[in-house]
Amino acid sequence: MVKKVVLSYSGGLDTSICIPLLRERYDYDKVITVTVDVGQSSSNLKEAEEKAAKLSDRHYTIDANEEFVHEYIFPLIKANGCYEGYVLGTAIARPLIAKKTVDVAKKEGADALAHGCTGKGNDQLRFEVVFRTTNLEVVAPMRDLDMTREGEIEYAREHDIPVPVTEAKPWSVDENIWSRSIEGGKLEDPAYVPPEEIFRWTASLEKAPDRAETVEIGFEKGIPISLNGKKLDGVALIKKLNEVGGKHGVGRTDIVEDRVLGLKTRENYEHPAATILLKAHRDLEQLVLTRPELKFKAMVDDVWAELAYHGLVDDPLMADLNAFIDKTQERVTGFVKVRLFKGNASVIARRSPNALRFEGSLDQKSAEGYAKFYGLQARIFKKRME
Ligand code: ARG
């Protein structure tokens, strides 16, 4: 019997060497590769396709841009999706990539599912929580074999696999329309200052223009729907903001994050559109939601982000939280102006038909009674201490 495995394939070094490894070390006869287009650069996709044509038995490229933006990024914007203060990027795309890989495995009648994640990171969990909803075998060659980067490069050369990374620049990059993350090599040392060359989407502060630029984003029910007065679909809007924001050096993050397994890891990210949209969205919420709503939603958002980071998007709690969040977003409609300048995105104006500003005339005198009771307990306490 022919044994088939479907591999979630990025075209990078790890997943590329997985192809011969699955044949040689695991005895699969056919390796089918799946690359899910979630907005990574076209050169990235092309590279994956070209390598797959050479290495795998059959290859699928699946365009999931629309679905990614509408079903994953939009809920993230509504939830102000940040984990430990950084914009969720890689985490949010993994469940969709895993689901599309499962779809191909079902269509192909495959015996197994494979991913190229190591045993140190979060992505193995995000993939497998989806893969294991099937009864198929799950294989993770990079985790099983625990190869060194040098060993991987050597194995790749032996198998005639083009190596995009070198010993001197061994960056591991993950990209989708929302975020680009760069890790590995010297970057693992939190004390190492990242070289400018790791950045692709954002200009350095030195190269950013000396003139500020303002963008106006229109929101409807928590979702961005227009840019500078022009209606735009989410995919186009995010691409445009990545371009404009990136030009001004907006959206770099360098943090040490707590991985699911508890490892502290240094990570670099670029996400211009995400920075702009999340700032604008959060600002608009501040104008239209009540103080108790804002306070409670911040807690809900925090739980949402942790579930998303952990890849637990199918936990029923996620849907419960989204139900609450969607209810709050019914009023998050309006416009926000953001000024981009030398790495900063600052909100400079906002308006909404649902703003909760009091606009009548205030009877200031009647606040006096409130002031008399205000802080009463503390005042009694203070007196007693005298
Ligand atoms: N640490 C991040 C996360 O778990 C990103 C990992 C992305 N991988 C990479 N090769 N840069 O979400």
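The values are calculated or read from the model by the stated rules, or taken from the named source; none is laboratory data. Everything quoted here is computed from the prediction, not taken from an experiment. Cβ: placed from backbone, ideal geometry, glycine included. Neighbour counts: every protein chain shown. Quick note on the areas: whole protein, heavy atoms, side chains included, nothing else; ligands and nucleic acids left out. Shrake-Rupley method; radii C 1.70, N 1.55, O 1.52, S 1.80 Å.
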Note down the accessible area of K99, probe 1.4 Å, to the nearest 10 Å². 60 Å²
Gap in Å between the Cα centre of the range 228-257 and the Cα centre of the range 30-106? 19 Å
Answer with one residue from L362, V338, A208: the one whose Cα lies farthest towards the positive end of the charge dipole of the chain, charges on Cβ with Lys, Arg +1 and Asp, Glu -1. L362
Solvent-accessible area of L88 with every protein chain in place, 1.4 Å probe, in Å² to the nearest 10: 0 Å²
Ignoring ligands, DNA and RNA, what percent of the accessible area of the chain is carbon or sulfur (1.4 Å)? 52 percent
Straight-distance crosslink candidates among lysines, where the alpha carbon sits under 16 Å from K230 and sequence neighbours closer than 8 are dropped: K239, K240, K337
Put S181, S172 in order of accessible area, largest first, 1.4 Å probe: what do you get? S172, S181
Taking the alpha-carbon distance from K382 and a cut-off under 19 Å, which lysines remain once sequence neighbours fewer than 8 residues away in the same chain are dropped? K372
Ordering V2, V38, V303 by how much accessible area each has at a 1.4 Å probe, largest first, what is the list? V2, V303, V38
So if each residue of separation counts as 0.36 nm, and I subtract the Cα-Cα distance between F373 and D57, what length gain in nm does that give? 106.0 nm
Roughly how big is the range 1-151's charge dipole about its Cα centre, with Cβ charges of +1 (Lys, Arg) and -1 (Asp, Glu), in debye to the nearest 20? 160 debye
Mean separation of Cα contacts under 8 Å, 6 or more apart, over the residue count of the chain: relative contact order %: 17 percent
Taking max minus min of the Cα coordinates of the chain on each principal axis, largest first, gives extents in Å of 86, 49, 48
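Under a Cβ-only charge scheme (Lys and Arg +1, Asp and Glu -1), can you give me the dipole magnitude of the range 181-338 about the Cα centre, in debye to the nearest 20? Spell out each step's value before the answer.
Numbers: 22 positive and 28 negative charges, 133 e Å.
Taking the Cα centre of the range 181-338 as origin, the dipole is about 640 debye.
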Assign unit charges at the C-beta atoms only (+1 for Lys and Arg, -1 for Asp and Glu), then state the dipole size of the chain relative to its Cα centre in Debye, rounded to the nearest 20. 1860 debye
Projecting each Cα onto the charge dipole of the range 230-386 (Lys/Arg +1, Asp/Glu -1 at the beta carbon, about the Cα centre), which of F381, P353, L237 comes out farthest on the positive side? F381
Convex hull per residue volume in Å³, alpha carbons only, for the range 1-124: 108 Å³
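Which FRET efficiency value, to the nearest 0.05, do you get for R25 and R384 by plugging their Cβ-Cβ distance into 1/(1 + (r/R0)^6) with R0 = 56 Å? It would help to have the intermediate numbers written out before the result.
Working: r = 76 Å, r/R0 = 1.36.
Efficiency, from the Cβ-Cβ distance: 0.15.
Please tell me the relative contact order of the range 48-147 in percent, rounded to the nearest whole number, where contacts are Cα pairs under 8 Å and at least six residues apart.
Taking the mean separation of contacting Cα pairs over the length of the range 48-147, I get 22 percent.
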How compact and how long is the range 101-239, expressed as Rg and Dmax of its alpha-carbon atoms in Å? 20.6, 57
Quickly estimate the mean residue ellipticity at 222 nm for the chain, helices only: each DSSP H run with n ≥ 4 gives -39500 (n - 2.57), and the total goes over all residues, rounded to 500. -12500 deg cm²/dmol
Rounded to the nearest Å, the spacing of the alpha-carbon centers of the range 318-367 and the range 129-208 is 39 Å
I'd like to check one number: the per residue accessible area of the chain, probe 1.4 Å, reported in Å² as a whole number. 50 Å²
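Take the alpha carbon gyration tensor of the range 279-359, find the square roots of its eigenvalues, order them as a ≥ b ≥ c, and report rounded if a/c is under 1.5; if not, report prolate when a/b exceeds b/c, else oblate.
Working: a/c = 2.68, a/b = 1.44, b/c = 1.86.
In terms of gyration-tensor shape, oblate.
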